[in-house]
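What follows is a short report on a single structure.
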Amino acid sequence: MAIRDTSKTSFVNDNDNNVFIGIRKSFNKSEGREGWFEATSTTIEAVKENIKNLLQTEKGERLMQPGLGLSLRAVLFNPMDVDTELIVQEEIVDAIARFFPSVSVEDIVVDMNGTDAIGKATMRISIDFMINNNPNLLDSVVIDYSAGTTE
């Protein structure tokens with residue numbers, strides 16, 4: 001009978017500087033050992049990049065995965081009220097729970113009161129999160145949306 005090894009976890013220990021976990025969103029050419037593109041070397045950096053990618057992907061945009069992403073650009077044209085902020089928060093929590101089950105969202109702040117230099121509506125989303133296997137490490141991601149772009 002097989003014996004299951006429960007001493008190992010899927011959590012990557014970030015002690016080895018020669019191990020790279022993910023690719024940075026900026027897709028800059030690497031000058032180091034990472035490979036062709038700059039890479040993330042810690043789990044928390046990889047999770048931050050993954051959350052940014054999820055938030056900046058519009059639903060239906062990804063080929064063969066139409067459910068990946070969020071419908072946040074459409075919200076920019078809705079009235080900026082508490083109900084809209086709650087809809088955005090719920091959509092983000094649901095998407096992160098679905099695509100990153102090892103990540104816990106601690107807090108989401110949605111600021112929908114801004115405008116950019118030419119008067120377009122903007123939305124700033126700040127997410128505080130932690131990786132379930134390391135609850136002592138809390139980090140955050142901030143994304144700025146305007147009607148045409150995300151940063």
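List of remarks:
- Segment 90-131, accessible surface, carbon-and-sulfur percent (1.4 angstrom probe): 48
- For segment 81-145, the solvent-accessible area works out to 56 Å² per residue, with a probe of 1.4 Å and every protein chain left in place.
- Relative contact order of segment 61-151, defined on C-alpha pairs under 8 angstrom at six or more residues apart (%): 22
- Note on VAL142 and THR42: their simple-model spin labels are 1.8 nm apart, each label 7 Å out from Cα toward Cβ.
The values are calculated or read from the model by the stated rules, or taken from the named source; none is laboratory data. Since we're looking at a predicted model, the values are computed, not measured. When we count neighbours, we look across all protein chains shown, and the Cβ atoms used for this are built from the backbone with ideal geometry, even at glycine. Heads up: the accessible areas ignore ligands, DNA and RNA and are worked out on the full protein's heavy atoms, side chains in. Shrake-Rupley method; radii C 1.70, N 1.55, O 1.52, S 1.80 Å.
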